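A.B. asks: Structure provided below as structure tokens; questions to follow.
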Amino acid sequence: MLGLMQDQPLLISALMDHAERHHGTTELVSRRVEGDIHRYTYKDLAARSKQLANALDHAGLKQSDRVASIAWNGYRHMELYFGVSGSGRVMHTINPRMHPTQITWVMNHAEDQVVCFDTTFLPIVQAIHAKCPTVKHWVALCDADKLPSDSGVPGLLSYETWIGAESADYTWPTFDENLAAGLCYTSGTTGDPKGALYSHRSTVLHAYGAALPDTVGLSASDSVLPVVPMFHVNAWGIPYAAALSGCKLVFPGPAMDGKSIYELMEAERVTFAAGVPTIWQMLLSHVQNNNLHFSTLKRTIIGGSALPLSMQVAFEKDYGVTAVHAWSMTETSPLGTAAQLKNSQLGLPDEQKHQILNTQGRAVFGVDMKIVGDDGKDRPWDGKSFGDLWVRGPWVASAYFKREGSPLKTDEHGRKWFPTGDVATIDHDGFMRITDRSKDVIKSGGEWISSIDIENIAVSHPAVAIAACIGIPHPKWDERPIVVVVKKPGKEVTKEEILALYPGKLAKWQIPDDVVFVKEIPLGATGKIQKRKLREELKDYKLPEL
Ligand code: AMP
């Protein structure tokens, strides 16, 4: 017997309808690329998203066609999120921090038909447009008078002119909730980037999960500043959870330095903000150096990389701001866990509470997790035993876009799990702590650097026998890459010669900070470089700038 409730698909357009009808007068405030502050309401957002949907119809885009963005956090990007997905197309957010060759690769792989970009990113578009044959329209997210006249990009449109010609009269289509809604490539692991393809269902369920008080926790009484970029895992789903909860939204645009973020927080009475530790470090330094305080900020959610305990304690003790530590992944939409105390832990001494709150946290309903050993068997939840972290749930990836094979692992009960590439412990209360990474990557300032790419470039030098890239802890960037090199017998090469191989092949910030020459690099039985051992051997190494 089936239940007798209304059978309504979970669609992203329903989030927009809700925000328009029930929070229509609530504000969205954006610092624009132009430098000024723009403000309008959810009602305006809904109207302009519908104009965009009409523009996509008139451009001949079919259901599931991809529309890409290369943009900062702002209201026009928000219109793309809802207008593109709401009308049944797929929103492909591109990370402008990738090297242009990688951006070209993902655009061609996604077969993007329309690309909307902030004018800041015009140089990227100029470098790649001729290599992206599927793109029919390049659209600059600006007014007609800001359109660069001599861009060299054929047929370049102004977004305002494009959608300005359209009516806001549009009825969102209804379709299967499992239809693709968003596409986000992760350049984290080796080889070509891999696309996580979110559905309407997974996005709406994730928005419910994110809005829960023990996770991101959004309310209509909040003023929310997502510093986490909308080009990196959908700003942790905050755009959708915001429409669901009806909170005020404040977008930082390109200005992510401590001073600009602080001023925006104060001016817009921000109560809640989200970002990676590097951003919060800059904010904290600005506040500390200038003897400031937060008048309205109550909570931040910090993730993407491990939250340093000292930062978490400084936020709480010095500024009365709760810093919630969360763990997320592109493949998990991205929310996986968040660290908030359980009722039974409220009476613990402060130090113990801080230890718990500094873990990556507990699973949110919608993401189950476990740790397994090399044999694929469960490891105990004792807070000490570590194993590979596996996750499963309705907003966890089951496959990658246009990629053969399944990334999933099957456990002894026949259940399918996504192996995260993180190594973790879980304690008896279900708090997970990341202890290491089995995937071969470095995360710097919240963005990935592939160690394999760095190694391949180093070994292209005729005097290099083996190269191994590892991440070295860094107070601002979390990690910075260095490359450890063994020279070929009788051959000579200098640090400068190796570093000279990188410009043009990797983005500037992905280039290793140093080259360390060693006699030997530890290899495992199968000839694989033992990175953990190498990191131990170099534990006293200091980066040149520190
Ligand atoms: P991304 O797909 O770029 O969001 O990166 C996901 C990866 O970032 C995870 O698999 C972890 O390796 C890392 N990560 C995310 N959040 C945290 C955290 N709170 N602590 C440590 N590592 C994290």
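A.B. asks: Determine the relative contact order of the chain: mean sequence separation of Cα pairs under 8 Å and six or more apart, normalised by residue count, in whole percent.
C.D. replies: It comes to 10 percent, rounded to a whole number.
A.B. asks: So what J values fall out for the range 229-235 if you push phi through Karplus, 6.51 cos²θ - 1.76 cosθ + 1.60 with θ = phi - 60°, rounded to Hz, Gly and Pro as x?
C.D. replies: Values per residue, Gly and Pro as x: x, 6, 8, 10, 6, 6, 6 Hz.
A.B. asks: Here is a follow-up. For the range 431-495, which GluC sites (Glu not before Pro) are in a loop by DSSP, counting at most 10 other Cβ atoms within 10 Å?
C.D. replies: Taking the range 431-495 and a limit of 10 other Cβ atoms within 10 Å, the loop GluC sites (Glu not before Pro) found are Glu492.
A.B. asks: Hey, another quick one. Just to be sure I follow: if Rg is taken over the C-alpha atoms of the range 309-384 and Rh is the Kirkwood radius over the same atoms, what is Rg/Rh?
C.D. replies: Taking Rh as the inverse mean 1/r over Cα pairs, Rg/Rh reads 1.03.
A.B. asks: Tally Lys/Arg at +1 and Asp/Glu at -1 over every other residue whose Cβ is under 11 Å from the Cβ of Glu447; what's the total?
C.D. replies: After counting each charged neighbour, the total is 0.
A.B. asks: Against the 2.2 N^0.38 Å scaling, with N counting residues, where does the range 237-306 land? I'd like the Cα-based Rg ratio to two decimal places.
C.D. replies: For the range 237-306, the normalised Cα radius of gyration comes out at 1.10.
A.B. asks: If you don't mind, another one. Could you pull out every residue, at least 5 positions away or on a different chain, whose amide H is within less than 5 Å of the one on Ala181? Hs are placed 1.01 Å off N in the peptide plane, and Pro or chain starts have none.
C.D. replies: Amide H to amide H, under 5 Å and 5 or more residues apart or across chains, Ala181 pairs with Tyr198, Ser199, His200.
A.B. asks: So how long is each side of the range 113-160 along the principal axes, counting just the alpha-carbon atoms, biggest first, in Å?
C.D. replies: Principal extents (Cα only, largest first): 27, 18, 15 Å.
A.B. asks: Turning to a different aspect of this structure: If I histogram all Cα-Cα distances within the range 364-408 using bins 5 Å wide from 0, what percent of pairs lands in each bin?
C.D. replies: For the range 364-408, the pair-distance distribution reads 5, 19, 21, 20, 19, 11, 4, 2.
A.B. asks: Count the net charge of all other residues whose Cβ sits under 14 Å from the Cβ of Lys131, scoring Lys and Arg as +1 and Asp and Glu as -1.
C.D. replies: Local net charge: -2.
A.B. asks: Also, quick follow-up: Would you pull out the residues with amide H under 5 Å of Lys487's amide H, same chain only if 5 or more places away, H placed 1.01 Å from N?
C.D. replies: Ala465, Val518
A.B. asks: Same structure, new question: Determine, from the Cβ-Cβ distance of Leu546 and Glu492 and an R0 of 22 Å, the FRET efficiency 1/(1 + (r/R0)^6), rounded to the nearest 0.05.
C.D. replies: That gives a FRET efficiency of 0.20.
A.B. asks: Classify the range 407-546 from the C-alpha gyration tensor, please: rounded if a/c falls under 1.5, else prolate or oblate depending on whether a/b exceeds b/c.
C.D. replies: Taking the square roots of the gyration eigenvalues as a ≥ b ≥ c, the range 407-546 is prolate.
A.B. asks: For the residue pair Glu520 and Ala465, what label-to-label distance in nm results when each label sits 7 Å from Cα along the Cα-to-beta-carbon direction?
C.D. replies: About 1.1 nm, to one decimal.
A.B. asks: Here is a further query. Quick one: with all protein chains in place, what share of the accessible area of the chain is carbon or sulfur, to the nearest percent (1.4 Å probe)?
C.D. replies: Answer for the chain: carbon and sulfur cover 52 percent of the accessible area.
A.B. asks: Enter the mean projected area of the convex hull around the alpha-carbon atoms of the range 76-174, in nm², rounded to one decimal. Numbers along the way, then the final one.
C.D. replies: Working: hull surface 26.4 nm².
Average of the hull's projected areas for the range 76-174 equals 6.6 nm².
A.B. asks: Something else now. Using θ = phi - 60° and the Karplus curve 6.51 cos²θ - 1.76 cosθ + 1.60, what whole-Hz ³J(HN,Hα) does each residue of the range 458-470 get, with Gly and Pro shown as x?
C.D. replies: Calculated HN-Hα couplings, in order: 5, 6, 6, 6, x, 9, 9, 8, 9, 9, 9, 9, 10 Hz.
A.B. asks: Any idea of the accessible area per residue across the chain, 1.4 Å probe, to the nearest Å²?
C.D. replies: It amounts to 42 Å² per residue over the chain.
A.B. asks: Extending each Cα 7 Å along its Cβ direction at Leu348 and Arg532, get the distance between those two points in nm, one decimal.
C.D. replies: Here the answer is 2.5 nm between the modelled labels.
A.B. asks: Divide by every residue of the chain the summed helix terms, -39500 (n - 2.57) for each DSSP H run of at least 4, and state the resulting mean residue ellipticity at 222 nm, rounded to the nearest 500 deg cm²/dmol.
C.D. replies: That comes out to -8000 deg cm²/dmol.
A.B. asks: OK, next. Do any GluC sites (Glu not before Pro) in the range 27-80 lie in a loop, going by DSSP, with at most 16 other beta-carbon atoms within 10 Å of their beta carbon, and if so which? Kindly include the intermediate steps, with their values, before the conclusion.
C.D. replies: On the way: sites: Glu27, Glu34, Glu79; in loops: Glu34.
Hits after loop and neighbour filter: Glu34.
A.B. asks: Something else: For the pair Asp143 and Asn291, how long in nm is the line joining their label points, each one 7 Å along Cα→Cβ?
C.D. replies: 4.1 nm
A.B. asks: Also: Using the Cβ atoms and a cut-off under 14 Å, what net charge is assigned to the surroundings of Thr174, where Lys and Arg are +1 and Asp and Glu are -1? Let's see the in-between values first.
C.D. replies: Numbers: positive: Arg201; negative: Asp7, Asp17, Asp176, Glu177.
Value of the local net charge: -3.
A.B. asks: How high is the relative contact order of the range 287-445, in percent, with contacts defined as C-alpha pairs under 8 Å that are six or more residues apart?
C.D. replies: Relative contact order here is 17 percent.
A.B. asks: If you don't mind, there's one more thing I want to ask. Rg and Dmax of the chain, Cα atoms, in Å?
C.D. replies: 23.5, 79
The values are calculated or read from the model by the stated rules, or taken from the named source; none is laboratory data. Values in this document were obtained by computation on a predicted structure and should not be read as measured data. FYI the Cβ positions are ideal-geometry reconstructions off the backbone, even for glycines, and counts take in every protein chain you see. Accessible surface is based on the protein model in full, side chains and every heavy atom, while ligands, DNA and RNA are left aside. Shrake-Rupley method; radii C 1.70, N 1.55, O 1.52, S 1.80 Å.
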